[in-house]
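Notes to accompany the following structure.
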Amino acid sequence: MGAASEALAETGHEHEIVFIGMVNVNRDNYLQGVVDVWRCRGCKKLFCDDKRYGEPLKASVGFETIPDDEEWAVLTCTTHKDVYMNSLGAKPGKRITHACRGGEAQEFVVGQDYSLSPKTANPIHRLFLVKDNVNKNIEAGFYRLTMK
């Protein structure tokens, strides 16, 4: 079953998906990756597609879906040298398992304000709602996050 057919079964209509913008993820003012943001013209549901520097592009845009009770979010994982990012579904109370580039496995619980618990010092992990950051930059660089 294709994405359009699944969408029809879930929502009662076939999604008409249009590009609405992007979320840039920076490391100390240098672009590290982009989340393209798409929306159905009918039901206003969001869809996201990640593009990270140093990784090949996917052959097609996937338009993955998340449960209706979740929001699209961008998880950032920041070390001294690197920022890794990916989009995912999140909601308060959800457990998120993440593997950092260094191989460390992390598990977080999403708070009511979409913060992550427990807090980690290195790497630094943060969660940003896509709907609040369309056509904006997320600053995820270690220097910017640790200097006050």
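Values in this text are rule-based calculations from the coordinates and carry no lab data. Remember, predicted model here, so these are calculated numbers, not experimental data. Note that we place each Cβ from the backbone using ideal geometry, even for glycine, and neighbour counts take in every protein chain shown.
Below 8 Å, C-alpha to C-alpha, sequence gap of six or more: please give me the relative contact order for the chain in percent.
Relative contact order of the chain: 24 percent.
Between ARG39, ARG52, ARG101, find the one with the highest GNM mean-square fluctuation for the chain; connect C-alpha pairs within less than 10 Å.
ARG101
Under a Cβ-Cβ cut-off of 12 Å, what is the net charge of the residues other than GLY33 that fall near it, where Lys and Arg count +1 and Asp and Glu count -1?
Overall, the nearby charge balance is -2.
Rounded, prolate or oblate: pick one for region 109-148, where a ≥ b ≥ c are the square roots of the eigenvalues of its C-alpha gyration tensor, a/c under 1.5 means rounded, and failing that, prolate if a/b is larger than b/c, else oblate.
Judged from the Cα gyration tensor, region 109-148 comes out oblate (a/c at least 1.5, b/c at or above a/b).
Please state the charge dipole magnitude for the chain, taken about the Cα centre, from unit charges on C-beta atoms (+1 on K and R, -1 on D and E), reported in debye and rounded to the nearest 20.
Rounded to the nearest 20 debye, it is 560 debye.
If each residue of separation counts as 0.36 nm, what is the full-extension length gain between ASP113 and ALA99 once their alpha-carbon separation is subtracted?
2.8 nm
What is region 22-140 by shape, rounded, prolate or oblate, if you read a ≥ b ≥ c off the alpha carbon gyration tensor as root eigenvalues and call it rounded for a/c under 1.5, prolate for a/b larger than b/c, and oblate otherwise?
On the way: a/c = 1.67, a/b = 1.18, b/c = 1.42.
Oblate.
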